[in-house]
Amino acid sequence: MWFTESQIRTKALQKLVWKNNNKLESKIIELLYEFFESTEDSKLHCIPQDIFNMLGKMFSKQYWTVDDVRKILKENWKLEPQSNSLAYIKYDLDYGGNFYQQNKTGRYFTIERNFILKKFDEMMN
């Protein structure tokens, strides 16, 4: 008996896949969703260390490294960093949970608002 992908890929299966998915990816999506909900920005420029630092402030226990964050950005999400070090606005979390800006230089990744909203919807449905 053969089934098409649309017959097999139900909401229940999709939810099960996300629940068993990489926990770090889920935390990153949650963090970036909070960022885009609290700011009016349509894109975020960041390096893996920026995300790693914000994760440390947002979630208490951490068992990941910066390389794990980089792997998700490059391999799972297929994002590429800038070819040269360029100036960008770094966002960080203060201990009150508010985002603030700093000027930095680095080979940053660009993460679009719509990309994170789509990932968040996939994760929650």
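Just a few scattered comments:
- Bins of 5 Å, starting at 0 and running to the largest distance - Cα pair percent for the chain: 2, 9, 19, 22, 20, 12, 6, 4, 3, 1, 0, 0
- Acute angle (nearest 10 degrees) that the helix 113-124 long axis makes with the longest principal axis of the chain, alpha-carbon atoms: 40 degrees
- With respect to the chain, whose longest principal axis is taken over its alpha-carbon atoms, helix 23-38 is tilted by about 60°.
- Take every Cα pair under 8 Å whose residues are at least 6 apart in sequence, average their separation, divide by the length of the chain, and the relative contact order is 33 percent.
None of the figures in this text is laboratory data; all of them are computed from the coordinates on show. Note that this is a predicted model, so its numbers are computed, not measured.
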